[in-house]
């Protein structure tokens with residue numbers, strides 16, 4: 001791990017920026033100049049002034065999105081601010097281009113409040129065909145996403161919520177098939193009640209999961225508990241109507257599925273041993289998982305997945321977001337729905353003709369995967 | 001002209017965006033993924049969180065600027081809004097890359113007031129190494145630029161003001177040399193008291209011009225006249241202390257230099273005939289000049305320049321801004337000064353070893369020109 005960090009730092013120092021802007025048309029003569037710029041450029045401007053929808057016909061809006069953060073939840077590093085989040089946003093933009101053919105540009109926003117952040121995003125949105133919100137902390141990410149979806153006429157997507165949920169559901173569909181379990185009867189524990197955890201819970205619930213316990217630092221969440229917020233309450237009402245309470249250890253007892261989207265090291269081998277037979281363990285905290293895969297294996301985990309590219313079964317949203325926006329931009333979709341996300345997850349799961357415990361989900365380098373997601377949207 | 005507009009529209013329709021984002025490093029293996037994105041990317045994030053200045057070492061900020069408009073003064077088309085301005089912003093970004101090697105990204109801002117615009121620019125500035133303000137109307141462009149220069153720690157440059165001024169001064173240095181005039185004794189008429197006109201007046205004044213009349217739709221500007229604003233008053237005090245008044249026709253009488261940055265068709269051949277011998281006529285309104293070059297020629301103009309790439313002597317800021325930001329980014333300059341702008345203009349003028357009336361300024365495709373500007377900053 002020291003190695004991957006130091007190598008990455010060297011690469012970043014060498015590149016000084018992982019992406020650049022390039023021209024799609026040559027600019028070699030005065031004639032080129034008069035078409036790309038003045039005086040010719042006045043004509044598409046006039047057209048768009050007359051018919052605002054023509055912006056999709058003549059500009060980058062057709063195939064360009066913004067990857068936007070406020071820096072409040074960068075990877076698992078926490079609230080390190082928008083400037084320190086820039087390397088992640090750049091990386092994300094690289095993945096959008098590589099896997100989805102989507103032009104993406106990073107925007108790091110320094111804002112004093114969610115309202116100011118929302119205002120800033122709205123003010124700059126006109127030139128973009130979509131907004132990918134990234135690494136924005138809970139619970140303000142929910143309000144931010146909801147408001148932007150309502151008030152903008154371009155698709156808005158908080159990847160930490162829905163991107164993660166889509167790919168988790170895809171992996172889980174194949175993992176449950178291997179473990180011969182139905183989602184409706186599986187006991188599922190989700191550790192982490194932030195952006196990812198709550199959205200995963202919601203999507204699994206929409207997909208038919210009936211037995212979900214969401215655990216945060218204070219234990220299992222339920223309506224009326226201390227340290228709840230409106231989003232936790234909404235999900236607790238949905239997934240835990242019997243108001244089951246207890247610690248992470250209590251929750252893990254007899255569970256079929258563990259999904260960790262919290263912090264490194266929170267899960268002990270003993271907890272894995274308490275789970276039901278053939279337990280499915282998605283230990284996805286980044287960069288350090290809740291329990292290292294080898295430890296989980298030793299403790300009896302049947303299927304193990306992480307969020308990292310250097311272990312098998314990477315449940316990384318890179319399998320989701322490029323195809324999701326590719327589909328949305330191609331089809332002119334203005335708002336995403338849970339139905340689209342479920343179709344995308346099913347399409348992703350189906351890409352694996354013969355899943356095995358070490359291979360429940362396609363490789364991010366499999367172009368079929370991204371195409372399947374785009375088609376499903 | 002119909003032709004250039006229709007051709008440009010077809011090109012825009014075909015391209016659907018004149019620029020795209022591309023990766024600077026291959027992304028072919030899981031190892032690449034772990035360095036460009038998680039988990040490796042956590043390391044540059046941690047470094048920047050510890051030492052904010054390291055953002056220049058590890059990210060696009062080192063060589064990326066934003067090209068930002070509020071859509072209030074797009075070309076000569078007026079206040080057509082930020083969406084309709086996007087084709088111009090994209091074009092500008094293409095020129096930044098082509099001629100300066102600067103990565104530039106267009107941001108169109110919808111804001112209700114200059115204060116909101118300023119706030120939005122500040123909120124998104126952290127990921128950029130500089131801000132090129134573009135096609136922002138007067139007089140609010142002055143307040144906007146001044147505030148952003150004061151409050152940001154990256155270079156801010158309103159191209160319509162200073163970019164135009166630099167290239168006009170460069171052309172004028174050679175034109176005056178050909179006409180055997182000193183700038184200190186030349187009578188100069190500037191038509192247009194917007195962003196460009198007032199900034200040209202200021203830079204010429206700083207360079208030594210003593211006899212400048214600025215004319216707007218109400219005639220020559222002077223302190224105390226009706227329809228003034230604080231910026232016009234500031235420039236009038238500087239350039240017209242004797243409070244000369246009158247119409248454009250009055251101003252043109254006996255003038256050596258006419259500089260038009262206003263609207264198409266405002267100058268009649270008779271006005272050119274009233275000028276002194278060997279008059280210098282920069283008729284730069286875009287897309288339609290104040291007087292067409294052939295008419296000005298017939299009326300006796302000795303040296304004629306326009307803002308367009310399809311006539312000789314293009315006084316287009318494309319000769320200025322790419323080198324200006326290239327120099328600023330390379331040298332880590334935080335604020336531009338008039339001294340830098342004058343050095344850039346002189347460097348640009350000197351690129352022409354043997355200026356002639358048809359060739360007072362380098363071709364934008366001459367790489368020496370942009371390098372000379374970058375070095376002068």
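Every read-out reported here was derived from the displayed coordinates using simple, explicitly stated rules and does not represent laboratory data. Since the model is a prediction, treat every value here as computed from it, not as a measurement. Ideal geometry is used to build each Cβ from the backbone, glycine not excepted, and the neighbour counts take in all protein chains shown.
Miscellaneous remarks
- Taking every Cα-Cα distance in the range A:256-337 and sorting them into 5 Å bins from zero, the calculated P(r) comes out as 3, 15, 23, 18, 11, 9, 9, 7, 4, 1 percent.
- For chain B, the longest principal axis of the alpha carbon atoms and the long axis of helix B:164-179 meet at an angle near 40°.
- Rounded is the label for the range A:153-272, because the ratio a/c of its alpha-carbon gyration tensor axes (a ≥ b ≥ c) stays below 1.5.
- P(r) histogram, all alpha-carbon pairs of the range A:230-373 included - 10 Å bins from 0, percent: 11, 32, 34, 20, 3
- Against chain B, whose longest principal axis is taken from its Cα atoms, helix B:321-331 shows a tilt of about 50°.
- Its residues counted as N, the range B:90-148 yields a C-alpha radius of gyration over 2.2 N^0.38 Å of 1.18.
- Taking only the C-alpha atoms of the range A:143-192, Rg followed by Dmax gives 15.1, 43 Å.
- Average silhouette area of chain B, convex hull of alpha-carbon atoms, in square nanometres: 19.8 nm²
- Cα-Cα separations in the protein assembly as shown greater than 49 Å, expressed as whole percent: 26 percent
- Cα coordinate range in the range B:193-241, projected on the principal axes (Å, largest first): 29, 21, 17
- Ellipticity estimate at 222 nm from DSSP helix runs (n ≥ 4, -39,500 (n - 2.57)) divided over chain A, nearest 500: -12500 deg cm²/dmol
- Only Cα pairs under 8 Å and 6+ residues apart enter the sum, and on that basis the relative contact order of chain B stands at 14 percent.
- R0 of 35 Å, Cβ-Cβ distance residue B:210-residue B:13: FRET efficiency to nearest 0.05: 0.10
- Only beta bridges with both residues in chain B are counted; by DSSP, about 10 percent of them are antiparallel.
- Rounded tilt (10° steps) of A:86-100 against the dominant C-alpha axis of chain A: 80 degrees
- Based on the Stokes-Einstein relation at 20 °C and a viscosity of 1.002 mPa s, and on the Kirkwood radius from alpha carbon pairs, the range B:27-96 is assigned a translational diffusion coefficient of 141 µm²/s.
- Modelled label reach - residue B:57, point 7 Å along Cα→Cβ, the range B:32-50 residues with backbone N closer than 11 Å: B:44, B:47-50
- The range A:100-227 shape via C-alpha gyration tensor axes, a/c threshold 1.5: oblate
- Shown is the FRET efficiency for residue B:243 and residue B:24, computed with R0 = 51 Å from the Cβ-Cβ distance and rounded to the nearest 0.05: 0.35.
- Here the spin labels are modelled as points 7 Å beyond Cα on the Cα-Cβ line, and at residue A:223 and residue B:368 they lie 7.9 nm apart.
- Residue B:297-residue A:359 pseudo-label distance in nm [points 7 Å out on the Cα-to-Cβ vector]: 7.2 nm
- The ratio of the alpha-carbon radius of gyration of the range B:56-156 to the globular-protein estimate 2.2 N^0.38 Å is 1.02.
- Taken over the alpha carbons of the range B:229-274 as equal point scatterers, the Debye sum produces base-10 log I(q)/I(0) values at 0.26 Å⁻¹ of -1.10.
- Bridge type composition, the protein assembly as shown - antiparallel percent by DSSP, nearest 5: 15 percent
- Convex hull volume of the Cα atoms of the range B:63-107, normalised per residue: 54 Å³.
- Whether the range A:305-377 is rounded, prolate or oblate, judged on the alpha carbon gyration tensor where a/c under 1.5 counts as rounded: prolate
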